[in-house]
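Peer 1: Encoded as structure tokens, here's the structure I'll be asking about.
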Amino acid sequence: MAVTSRPVMAGPGRALPSGASKWEIREKVWEHLEASGLAEFPRPVRGRIPNFKGSPQACRSLGELDVFGGAREVKVDPDKPLEGARLAALQARKTLLVPTPRLRTGLFNRIVPPPGATKEILRRCATSQGVKDYSVPVGLDGKAQVDLVVVGSVAVSEKGWRIGKGEGYADMEYAMMVSMGAVQEDTPVVTIVHDCQVLDIAEELLDDHDLTVDYILTPTRTIQTNCKRPKPQGIMWHKVSSEMLGKIPILKTLRSREKQAGKDVTLQDEHPALANTSRAAISNKKVMAANTQPWAAPGSAPVGQHVESDPVNPKLEGSDTITTVYVGNLPGSLRVSELKSALRELQVTPVRLSWQGAQHRAFLDYRDPGAADRAVSSLQGLSLGGNALRAELAKNQRSKGQGEINSHR
């Protein structure tokens with residue numbers, strides 16, 4: 001298929017501020033798809049790899065790519081807008097692998113249509129229910145050799161920079177495939193999006209674990225990115241937390257194998273340099289367990305209170321004071337994980353996050369006053385869930401040595 005380069009359709013990119021964060025880009029795309037009537041089931045698209053009007057047409061372009069024609073084994077993510085890509089692989093009689101949702105029970109399912117399957121049966125096999133009904137699990141010893149990877153995106157640039165929904169599963173799936181030898185350095189990666197999701201994305205937003213793409217398919221265009229940025233070379237264990245390891249059983253097996261092979265598999269929260277910080281965080285967590293609402297009267301923690309500590313920020317070590325940032329005007333639909341993701345991307349992760357979703361606010365504790373100031377600057381006016389956040393230093397700052405933390409009244 002000819003690779004086209006027509007101008008990008010009008011979309012959220014025209015309204016993106018200079019230096020927009022990943023989270024701001026996601027919010028703009030989700031908002032634009034809904035407001036323009038381009039969003040399709042499942043709705044709302046916010047928080048998802050969004051389905052869009054024209055996704056079947058975009059998916060049909062996959063069959064016209066030379067890299068698809070030469071592929072025998074194709075991995076396609078389970079997202080709704082990629083249903084047409086899964087169907088294309090099945091109709092072309094290719095081996096179709098679909099990752100298990102959130103990698104809970106393994107890495108892949110291989111879709112096995114019944115003998116003599118009709119077009120209608122193949123369509124069912126390509127749906128999320130069909131993936132459950134017509135699949136067999138593929139383990140680490142299944143000798144998968146993936147020739148083409150198809151992933152969903154929230155936004156993507158013509159240079160191949162990709163932004164997902166913020167949970168990191170596509171990046172982790174690819175890293176795991178590298179570790180098990182299922183993909184090679186030159187295995188092409190395709191993403192399928194609406195034209196309005198093709199935006200200018202600053203390369204500075206990319207981390208070394210982020211997956212880039214080689215082809216972008218939209219309802220009107222096929223874009224070859226010619227991306228030269230290296231893809232992840234395997235699992236970066238120093239970025240994997242013990243919590244993530246507990247949630248993804250197959251990750252434990254891969255870690256064991258790589259450890260036996262002599263690789264460094266030290267987890268994010270196991271690094272010696274962070275040991276003191278981790279112990280301090282555990283101590284802080286015990287204190288918080290005894291007093292879950294430190295800026296209110298003892299024992300008066302309201303419904304919706306949620307406190308978390310960050311045990312792996314070495315910049316927070318060696319300070320005796322706490323500076324608290326108040327964040328208000330949080331939308332009622334916002335989840336604490338979404339705020340945490342935004343904080344990570346803005347590089348203003350606090351030592352402790354106290355969440356009061358029911359009151360539409362949160363409190364962020366920093367041991368470095370400079371970090372607190374940067375958090376205020378980064379968060380003030382940031383749009384999350386359609387709300388412009390209010391951020392300011394909390395009032396009545398108090399010394400940690402007196403056993404109290406900041407309050408905001």
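Peer 1: Considering only residues that are assigned to a strand (DSSP E or B) and either in the same structural domain as S341 (by TED's automatic domain parsing) or within 12 Å of the chain's Cα centre (by Cα) (or both), which ones fall in the range 156-175?
Peer 2: R162, I163
Peer 1: Still on this structure, please answer the following. Out of the range 97-130, which residues are within 21 Å of L251 (Cβ to Cβ) and not polar (S, T, N, Q)?
Peer 2: L97, V98, P99, P101, R102, L103, R104, G106, L107, F108, R110
Peer 1: Can you tell me which residue in the range 226-277 is modelled with the lowest pLDDT, limited to those that are closer than 30 Å to V190 by Cα and among the hydroxyl-bearing types (S, T, Y)?
Peer 2: S241
Peer 1: Could you list all residues from the range 350-369 that are closer than 12 Å to V325 by Cβ and not charged (D, E, K, R)?
Peer 2: P350, V351, L353, S354, A362, F363, L364, Y366, P369
Peer 1: Follow-up. Pairs, please: C-beta under 8 Å, at least 6 apart or cross-chain, first residue in the same structural domain as Q380 (by TED's automatic domain parsing) and in the range 326-346, second crowded, with 20+ Cβ neighbours inside 10 Å and among the β-branched types (V, I, T)?
Peer 2: These pairs meet every condition: L339/V327.
Peer 1: Considering every residue within the range 326-342, establish whether at least one is modelled with pLDDT of 90 or more, crowded, with 22+ Cβ neighbours inside 10 Å and either in a strand (DSSP E or B) or out of contact with any strand residue (DSSP E or B) (no Cβ under 9 Å at 6 or more places or on another chain) (or both).
Peer 2: Scanning the range 326-342, I find at least one residue that is modelled with pLDDT of 90 or more, crowded, with 22+ Cβ neighbours inside 10 Å and either in a strand (DSSP E or B) or out of contact with any strand residue (DSSP E or B) (no Cβ under 9 Å at 6 or more places or on another chain) (or both), so the answer is yes.
Peer 1: Counting only residues that are closer than 10 Å to V150 by Cβ and charged (D, E, K, R), which one in the range 55-99 is surrounded by the most Cβ atoms within 10 Å (Cβ to Cβ)?
Peer 2: R86
Peer 1: Of V189, V178, which residue is modelled with pLDDT under 95 and assigned by TED's automatic domain parsing to the domain that holds V29?
Peer 2: That would be V178, the only listed residue that is modelled with pLDDT under 95 and assigned by TED's automatic domain parsing to the domain that holds V29.
Table: residues versus (1) free of Cβ contacts under 8 Å to residues at least 40 places away in the same chain; (2) surrounded by 12 or more Cβ atoms within 10 Å (Cβ to Cβ); (3) assigned to a loop (DSSP other than H, G, I, E, B); (4) over 19 Å from the mean Cα position of the chain (by Cα).
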| site | (1), (2), (3), (4) |
| --- | --- |
| D210 | no, yes, yes, no |
| P219 | no, yes, yes, yes |
| P232 | no, yes, yes, no |
| G246 | yes, no, no, no |
| T253 | no, yes, no, yes |
| E258 | no, yes, no, yes |
| G262 | yes, no, yes, yes |
| D269 | no, yes, no, yes |
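Peer 1: Here's a follow-up. In this structure, does C196 turn out to be within 30 Å of L140 (Cα to Cα) and at pLDDT 90 or above?
Peer 2: It is false that C196 is within 30 Å of L140 (Cα to Cα) and at pLDDT 90 or above.
Peer 1: Report, by residue number, each residue of the range 359-386 that is surrounded by 20 or more Cβ atoms within 10 Å (Cβ to Cβ), assigned to a strand (DSSP E or B) and not small (G, A, S).
Peer 2: F363, L364, D365, Y366, L384
Peer 1: Which residue is surrounded by the fewest Cβ atoms within 10 Å (Cβ to Cβ), if the candidates are limited to the range 186-208 and must be under 23 Å from L96 (Cβ atoms) and more than 19 Å from the chain's Cα centre (by Cα)?
Peer 2: Filtering first and then ranking leaves D186.
The values are calculated or read from the model by the stated rules, or taken from the named source; none is laboratory data. Keep in mind that this is a model prediction, so the values were computed, not measured. Using ideal geometry, Cβ is built from the backbone for each residue, glycine included, and neighbour counts are taken over all protein chains shown.
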